[in-house]
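Participant: Below is a structure I'd like to ask you about.
No lab work stands behind these numbers, since they all come straight from the coordinates. Here the structure is a predicted model, which is why all the values come from computation and not from measurement. Here the Cβ positions follow ideal geometry from the backbone for every residue, glycine too, while neighbour counts run over all protein chains shown.
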Amino acid sequence: MAEGDQGPLLNAEDQYHVGIVSDDPAATMARLTESLGYQCADLIGGPVSVSLPGKDGGYGDKDTTVEIRAWYSVTTPRLEVVQSIPGTVWSRADSGLHHLGYWVDDLGATIDALEAEGYAREAVGKLPNGQPYWAYLSGPTGPRLEVVSRQLQPIMEHYFTTGSVA
């Protein structure tokens, strides 16, 4: 590392899933089960408040609610299969690989650091109180990144262990 380099913006050990956006999640999960031995948990999701870039590219110009439908594998390495939503960041990627998901301790600082490195904020999920808890960012090369507040990790670990949000 060069002098003054703070190291990587994200740590490999914090990468916890690979996201796949699919027009037919049931068929995708069936293929993952039949071909690769993956088992998926129950549906997780629902209406999520998000901020999206506006026409001028400015972040937060467009707040909306999106119906997110996703299934995570209980098998590792962890996969996330997301129902596509045409015309949004949740559109199917040609390669099938949509994003790499990472836990982060400070969501705002991580977003700022990634943007300083040339990543563009595409969507930010918000809790009912308006607090951001995850974000999608795209870079000039490579897959999209999803950074998720580590505060959500205990809830997701319970879901991964039991296969249910109940």
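Participant: With everything on Cα atoms, drop me the angle between helix 25-36 and the longest principal axis of the chain, reported from 0 to 90° to the nearest 10.
Facilitator: Helix 25-36 sits roughly 80 degrees off the main axis of the chain.
Participant: Counting alpha carbon pairs within less than 8 Å and at least 6 residues apart, what relative contact order, in whole percent, applies to the chain?
Facilitator: Reported as a whole number, the value is 25 percent.
Participant: What list of ³J(HN,Hα) couplings, whole Hz, do you get for region 116-121 from phi and the Karplus terms 6.51, -1.76, 1.60, once you set θ to phi - 60° and write x for glycine and proline?
Facilitator: 3J(HN,Hα) across region 116-121, in whole Hz: 5, 8, x, 7, 10, 6.
Participant: Right, here's the next one. Taking R0 as 41 Å, what FRET efficiency do you get between ALA120 and HIS158 from their Cβ-Cβ distance, rounded to the nearest 0.05?
Facilitator: Here the calculated transfer efficiency is 0.80.
Participant: So, one more: Can you list the residues, at least 5 places off or on another chain, whose amide H is less than 5 Å from the amide H of ALA123, using H built in the peptide plane?
Facilitator: TYR136
Participant: If I model region 87-128 as equal point scatterers sitting on the Cα atoms and use the Debye formula, what is log10 I(q)/I(0) at q = 0.18, 0.24, 0.28, 0.31 Å⁻¹?
Facilitator: -0.70, -1.08, -1.17, -1.19
Participant: Farthest toward the dipole's positive end in region 15-162, which of LEU152, TRP134, GLY45, given Cβ charges of +1 (Lys, Arg) and -1 (Asp, Glu) about the Cα centre?
Facilitator: The residue sitting most towards the positive pole is GLY45.
Participant: In nm, give the distance between the simple-model label positions of ALA27 and LEU43, each being 7 Å from the Cα along the Cα-to-Cβ direction.
Facilitator: 1.9
Participant: Plugging the Kirkwood radius over Cα pairs into Stokes-Einstein for region 110-166, at a temperature of 37 °C and a viscosity of 0.692 mPa s, what D comes out in µm²/s?
Facilitator: This corresponds to a translational diffusion coefficient of 258 µm²/s.
Participant: Using the Cα atoms as the points, what is the convex hull volume per residue of the chain in Å³?
Facilitator: With only Cα atoms used, the chain gives 134 Å³ per residue.
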